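First comes the structure, then the notes that go with it.
A short reminder: the numbers here are calculations on the coordinates, not readings from a lab. Just so it is clear, the structure is predicted and the values come from calculations on it, not from any experiment. Note that each Cβ is placed from the backbone with ideal geometry, even for glycine, and that neighbours are counted across all protein chains shown.
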Protein chains: 2
Amino acid sequence: MNRSYVHGYDPLESGRLEDQARTLEDLLHHDTRYPPASRVLEAGCGTGAQTAILARRSPGARITAVDIAADSLAAAKQRLVAMDGADVCFQQADCERLPFADHHFDHVFICFVLEHLAQPENVLRESKRVLKPGGSLTVIEGDHGSFYCYPQTRPARQVVRCLIDLQAACGGDALIGRRLYPLLRRARFDDVRVTPRVVYVDPSRPAWEEGFSRNTFIAMVSGVQKAAIDAGLIDPATWRQGIVDLEATIGQGTFHYSFFKAIARDPL
Amino acid sequence: MNRSYVHGYDPLESGRLEDQARTLEDLLHHDTRYPPASRVLEAGCGTGAQTAILARRSPGARITAVDIAADSLAAAKQRLVAMDGADVCFQQADCERLPFADHHFDHVFICFVLEHLAQPENVLRESKRVLKPGGSLTVIEGDHGSFYCYPQTRPARQVVRCLIDLQAACGGDALIGRRLYPLLRRARFDDVRVTPRVVYVDPSRPAWEEGFSRNTFIAMVSGVQKAAIDAGLIDPATWRQGIVDLEATIGQGTFHYSFFKAIARDPL
């Protein structure tokens with residue numbers, strides 16, 4: 001899993017994910033809180049950006065965070081060491097073959113993971129196996145096809161399209177947000193409730209212009225410049241123009257993106 | 001104004017607008033309430049679908065509703081006659097040349113109107129002229145470019161694109177929702193606050209599947225079938241497939257659309 005992770009593993013990228021988490025924390029996590037002593041699995045913790053939020057918002061919960069990438073896990077451990085009282089156990093594991101007994105966890109949490117997988121059903125099936133009957137599953141994903149802006153130019157659309165196409169070439173699906181409901185239903189979860197978490201940015205929201213439009217979304221698109229040009233998806237001049245056009249929305253236009261949060265229950 | 005209104009004026013269309021208003025009322029209007037005795041102008045009332053909501057939600061407000069189309073006004077009057085205690089005065093007028101003195105109104109309300117105009121700035125300028133200093137302007141519009149669905153096929157995208165292109169050919173802008181903020185700022189309104197009003201539909205929300213996906217959005221797209229085929233924008237077989245594909249989301253997939261509500265103030 002994640003062997004061809006589209007965003008790569010470099011420190012700048014890790015910084016981007018941290019920025020993203022800080023800016024979006026309230027939007028995505030305001031309704032995530034696990035009870036003290038409950039057993040929580042975070043499947044695919046990466047460098048721990050979401051793990052830190054989970055630990056802070058659910059004091060006393062017993063969190064197990066797994067990822068397949070040893071380097072990411074090391075970074076996640078380091079991040080969590082700084083947090084007093086966080087009860088997090090890290091373990092290297094493949095989310096498609098979890099090293100836990102059936103019905104071991106009260107809750108499973110998966111954030112920005114399924115979008116990178118060719119078979120997200122496998123992780124959902126494993127999540128279901130390790131969940132206690134009646135336990136909860138939370139999945140948070142974006143949907144790059146939900147992006148639009150004003151002014152919106154053709155090059156701006158093209159650079160975003162490159163990110164979507166590259167993620168598909170890696171076996172992922174950058175448009176997974178819109179299909180969380182059918183995915184979880186087909187995986188036989190009950191009480192599936194999906195809510196869009198909408199980012200709307202205009203010049204009256206300068207913190208979102210910097211924190212989301214520039215430092216999260218445009219930074220994420222910019223991160224695949226070389227891959228997109230090398231793959232022949234776009235020429236360098238159009239790429240540059242697309243990024244310029246995306247940046248031109250800041251201070252005068254609008255920027256739109258939707259995340260999706262699904263909360264469901266393992267049948268009793 | 002509205003001389004080439006893309007949706008036409010026939011009774012079925014009027015029924016569609018009524019369905020739309022009922023289904024979306026809470027989402028769009030829960031925060032619209034004008035004080036008793038305040039003077040409210042609805043610019044472009046059409047057949048009164050929004051007027052009825054305004055009157056019901058703002059008892060005692062003195063509402064003036066204008067439209068350029070005599071037939072629509074007659075339908076609006078008939079609709080409001082049935083409402084006890086509604087204080088609404090109807091008047092035939094061009095929203096770009098309002099027959100009211102400067103600073104006559106406390107509030108101006110405009111809903112699903114600017115999208116049809118080649119120069120929405122003209123209506124905003126007139127709204128500003130008839131508003132008292134410190135008065136409020138409310139604008140609600142959709143954005144057809146915000147639509148996406150799952151599964152999303154090429155024909156499904158094409159039929160929606162037809163509606164956008166036809167509205168542009170009529171001099172309108174079906175993507176106006178995303179540019180409300182810059183429009184109102186350039187028209188020199190203050191305290192412009194835009195909020196997206198997001199429709200998310202999946203099979204757990206059957207009332208929205210019927211009320212919005214089928215009877216509002218797909219019905220609206222279906223309404224331009226003849227115009228789209230006659231204009232050579234699409235061939236009949238692709239059209240039929242696009243509608244079938246949109247309908248196939250109901251009961252199994254997801255449907256996404258955003259309206260935008262802007263509330264602003266005329267400077268003191």
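Numbers for the structure displayed
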quantity: Simple Cβ-charge dipole of segment A:146-268, Lys/Arg +1 and Asp/Glu -1, about Cα centre, in debye nearest 20; calculated: 460 debye
quantity: Net charge of Cβ neighbours under 13 Å - reference A:Glu141; Lys, Arg +1; Asp, Glu -1; calculated: +1
quantity: At R0 = 45 Å, FRET efficiency that the Cβ-Cβ distance of A:Lys226 and B:Leu27 yields, to 0.05; calculated: 0.55
quantity: Net +/- balance of residues flanking B:Ala61 in space, Cβ distance below 13 Å, scoring K and R +1, D and E -1; calculated: +2
quantity: Number of partner chain Cβ atoms within 10 Å, mean per residue of A:167-177; calculated: 1
quantity: Modelled FRET efficiency - R0 56 Å, A:Ala74 with B:Gln252, Cβ distances, 0.05 increments; calculated: 0.85
quantity: Debye equation applied to the C-alpha atoms of segment A:51-145, log10 I(q)/I(0) at 0.24, 0.25 Å⁻¹; calculated: -1.46, -1.50
quantity: Residue order, fewest to most surrounding Cβ atoms within 10 angstrom, among B:Thr32, B:Thr216; calculated: B:Thr32, B:Thr216
quantity: Charge context of A:Thr153, other residues only, Cβ under 15 angstrom, K/R +1, D/E -1; calculated: +4
quantity: At 0.890 mPa s and 25 °C, Stokes D of the protein assembly as shown from Kirkwood alpha-carbon radius, µm² per second; calculated: 98 µm²/s
quantity: For chain B, share of DSSP beta bridges that run antiparallel, in % to the nearest 5; calculated: 50 percent
quantity: Convex hull of Cα atoms in segment B:103-203, direction-averaged projection (nm²); calculated: 7.5 nm²
quantity: Contour minus Cα-Cα distance for B:Lys132 and B:Gln92 (0.36 nm per residue); calculated: 12.2 nm
quantity: For the protein assembly as shown, size of Cβ-based charge dipole, Lys and Arg +1, Asp and Glu -1, in debye; calculated: 400 debye
quantity: Shape metrics for chain B, restricted to C-alpha atoms - Rg then Dmax, Å; calculated: 18.4, 56
quantity: Per residue convex hull volume, Cα atoms of segment B:152-268, in Å³; calculated: 111 Å³
quantity: Dipole of the protein assembly as shown, positive end: most advanced residue of A:Val224, A:Cys95, B:Phe90 [Cβ charges, Cα centre]; calculated: B:Phe90
quantity: 10 Å-binned pair-distance histogram of segment A:111-156 (Cα, whole percent); calculated: 20, 37, 22, 13, 8
